[in-house]
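Trainee: I have a structure here, written as structure tokens, and I will follow up with some questions on it.
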Amino acid sequence: AAAVVSRLEEENIVSRVTPRTLAFGMITSPANANSISVIGIRPSTERHLSQIDEAITEGNYFSGDDMHDVVIGRKLAEILEVGLGERVVLTVAQAATGDLSQEMFRISGIFHFNVPEMDRATAFIRLDKSQQLLGLGDRIHEIAIVFTDPKYARDDRDGFWGRYSTDGNEAVGWTVLLPQLEAAFELSEFSTLLVGIMLFGVVALGIVNTLFMSLHERMFEFGVLRAVGTRPRAMGTLILLEAGALAVMSILLGAIIGWLATTVTAHYGIDYTGIEFAGVTFRDPLYPILRFGQFVVYPVWVFLFTVIMGLYPAVFAARMSPVRAMRKSM
């Protein structure tokens, strides 16, 4: 394990690394008992990967060097009827033999993740003590990592995973560990595309309707232009220029409104605390991020789409009969 951790720390694409042990066990107090997941962590490195230290509501996050400190959830503390400084007994089965191993711990911290499964059935102890309890020696169950760029974690075809899936180890990203979340991302992208198509359809009808209304309101003027020698191509170009002007004004107005709305929500956040989505529970507000592409790619598409939709009214204007057009008046 030490060699693997050392190699990971030297990877250019890896930002943080921390080892863990995982086991099921029983926690007992004078008042009650409950089955739990016992997670052994290295506090100094774990704080950079998870939010355990931020979720502490009472006590502290493994301050000092007491090997018998344990951090439990608030709901679990209520079930056991214990508080800070009180003693509990952890019982786990050793990895090699299956023999039960028991030891007394002192509650040094109580956390609240607002995730029922964790708050009522999870306890964190120091990595060295968990290895001793489980009879693992220097072995561990998993190594959690954070990449320098989130895109590396999502690319399961990267050679990184193959390099570390050796000697009985398995290196996988969150797309494998939480396939339902990956499916949710794909569904979100498809939903965005579907909604975009629907909106563009509505916009197309609005553009054609607006241009035709403008065209029919000035039919007499267009007839006069044709009668004095304006070429059909110039008539069509005029309509396309109007469509382009409509697109530019819409883009400017939409960009301003979008920038204001995103700036406000990026400051205050969108509160989804406690809501579970695809196996992940939100603990913090969501903050939208402004990206340069939003004000370049989408406006270009809107402009091109608007001009394309203006081709039909433009062709209609180019082919109109001057005599019939001049018969119409306001």
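Trainee: Which of the residues that make up the range 123-136 are open to solvent by 10 Å² or more (accessible area, probe 1.4 Å) and among the hydroxyl-bearing types (Ser, Thr, Tyr)?
Mentor: none
Trainee: Let me ask something else. Which residues, taken from the range 31-63, are β-branched (Val, Ile, Thr), open to solvent by less than 60 Å² (accessible area, probe 1.4 Å) and touching a helix residue (DSSP H, G or I) at 6+ places or on another chain (Cβ under 7 Å)?
Mentor: Answer for the range 31-63, where residues must be β-branched (Val, Ile, Thr), open to solvent by less than 60 Å² (accessible area, probe 1.4 Å) and touching a helix residue (DSSP H, G or I) at 6+ places or on another chain (Cβ under 7 Å): Ile36, Val38, Ile41, Ile52.
Trainee: Hey, could you check the range 296-330 for residues that are exposed (fewer than 15 other Cβ atoms within 10 Å of the Cβ) and under 30 Å from Glu186 (Cα atoms) and say which is modelled with the lowest pLDDT?
Mentor: Val297
Trainee: Is it the case that the range 143-153 has a residue that's free of Cβ contacts under 8 Å to residues at least 40 places away in the same chain, buried (at least 19 other Cβ atoms within 10 Å of the Cβ) and within 29 Å of Asp66 (Cβ to Cβ)? Don't jump to the end; show me each part of the working.
Mentor: Narrowing the range 143-153 to residues free of Cβ contacts under 8 Å to residues at least 40 places away in the same chain: 150-151, 153.
In the following step, the residues that additionally are buried (at least 19 other Cβ atoms within 10 Å of the Cβ) were identified as none.
Checked against the condition, which is being free of Cβ contacts under 8 Å to residues at least 40 places away in the same chain, buried (at least 19 other Cβ atoms within 10 Å of the Cβ) and within 29 Å of Asp66 (Cβ to Cβ), the range 143-153 yields no hits at all.
Trainee: Just a yes or no: is a residue in the range 153-163 among the basic types (Lys, Arg), in a helix (DSSP H, G or I) and closer than 25 Å to Asp99 by Cα?
Mentor: no
Trainee: Which residues, taken from the range 77-120, are within 27 Å of the chain's Cα centre (by Cα), open to solvent by 30 Å² or more (accessible area, probe 1.4 Å) and of a type in the set (A, V, I, L, M)? Spell out the reasoning first.
Mentor: So in the range 77-120, the residues within 27 Å of the chain's Cα centre (by Cα) come out as 111-120.
Going one step further and asking which of them are open to solvent by 30 Å² or more (accessible area, probe 1.4 Å), we end up with 112, 114, 116-118, 120.
Correct list: Met118 only.
Trainee: OK, next. Any residue in the range 193-202 that is over 30 Å from Glu10 (Cα atoms), in a helix (DSSP H, G or I) and touching a residue at least 24 places away in the same chain (Cβ under 8 Å)?
Mentor: Yes, some residue in the range 193-202 is over 30 Å from Glu10 (Cα atoms), in a helix (DSSP H, G or I) and touching a residue at least 24 places away in the same chain (Cβ under 8 Å).
Trainee: Of the numbered conditions (1) out of contact with any Gly (no Cβ under 7 Å at 6 or more places or on another chain); (2) part of a helix (DSSP H, G or I), Glu103 fails exactly one; give the number of that condition.
Mentor: Condition not satisfied by Glu103: (2).
Trainee: Also: Just the residues that are outside any strand (DSSP E or B) and modelled with pLDDT under 80, please, taken from the range 272-290. Lay out the reasoning, then the answer.
Mentor: Filtering the range 272-290 for residues outside any strand (DSSP E or B) gives 272-275, 278-279, 282-285, 287-290.
Listed by number, the residues that qualify are Tyr272, Thr273, Gly274, Ile275, Ala278, Gly279, Phe282, Arg283, Asp284, Pro285.
Trainee: Might you let me know whether the range 225-236 holds any residue that is within 30 Å of Phe305 (Cβ to Cβ) and not in a helix (DSSP H, G or I)?
Mentor: Within the range 225-236, one or more residues are within 30 Å of Phe305 (Cβ to Cβ) and not in a helix (DSSP H, G or I).
Trainee: Sticking with this one: Check the range 191-209 and report whether any residue there is of a type outside the set (A, V, I, L, M, F, W, C), within 18 Å of the chain's Cα centre (by Cα) and loosely packed, with under 14 Cβ neighbours inside 10 Å.
Mentor: yes
Trainee: Additional query: Consider the range 64-76. How many of its residues are among the hydrophobic types (A, V, I, L, M, F, W, C) and open to solvent by 60 Å² or more (accessible area, probe 1.4 Å)?
Mentor: 1
Trainee: From the set of residues in the range 255-271 that are open to solvent by 40 Å² or more (accessible area, probe 1.4 Å) and of a type in the set (Val, Ile, Thr), which is modelled with the lowest pLDDT?
Mentor: Ile270
Trainee: Report whether or not Asp155 is acidic (Asp, Glu), out of contact with any Gly (no Cβ under 7 Å at 6 or more places or on another chain) and either at positive phi or at pLDDT below 85 (or both).
Mentor: Yes; evaluated as a whole, the condition is true for this residue.
Trainee: What residue, of Ser6, Ser15, Ser44, Ser50, is over 27 Å from the mean Cα position of the chain (by Cα) and among the polar types (S, T, N, Q)?
Mentor: Just one listed residue meets the conditions, Ser6.
Trainee: Out of curiosity, is Phe212 in contact (Cβ under 8 Å) with a residue 12 or more places away in the chain, touching a Phe, Trp or Tyr at 6+ places or on another chain (Cβ under 9 Å), part of a helix (DSSP H, G or I) and open to solvent by less than 80 Å² (accessible area, probe 1.4 Å)?
Mentor: Working: in contact (Cβ under 8 Å) with a residue 12 or more places away in the chain: yes; touching a Phe, Trp or Tyr at 6+ places or on another chain (Cβ under 9 Å): yes; part of a helix (DSSP H, G or I): yes; open to solvent by less than 80 Å² (accessible area, probe 1.4 Å): yes.
Yes.
Trainee: Give the residues of the range 223-254 that are open to solvent by less than 60 Å² (accessible area, probe 1.4 Å) and either touching a strand residue (DSSP E or B) at 6+ places or on another chain (Cβ under 9 Å) or of a type in the set (Val, Ile, Thr) (or both), sorted by residue number.
Mentor: Residues satisfying the conditions are Val224, Thr230, Ile239, Ile251.
The values are calculated or read from the model by the stated rules, or taken from the named source; none is laboratory data. What you are looking at is a predicted structure, and each value in this text was computed from that prediction instead of being measured. So basically every Cβ, Gly included, is an ideal-geometry build from the backbone, and we count neighbours across all protein chains shown. Ligands, DNA and RNA are stripped out before the accessible areas are found, and what is left, the full protein with its side chains, is counted by its heavy atoms. Shrake-Rupley method; radii C 1.70, N 1.55, O 1.52, S 1.80 Å.
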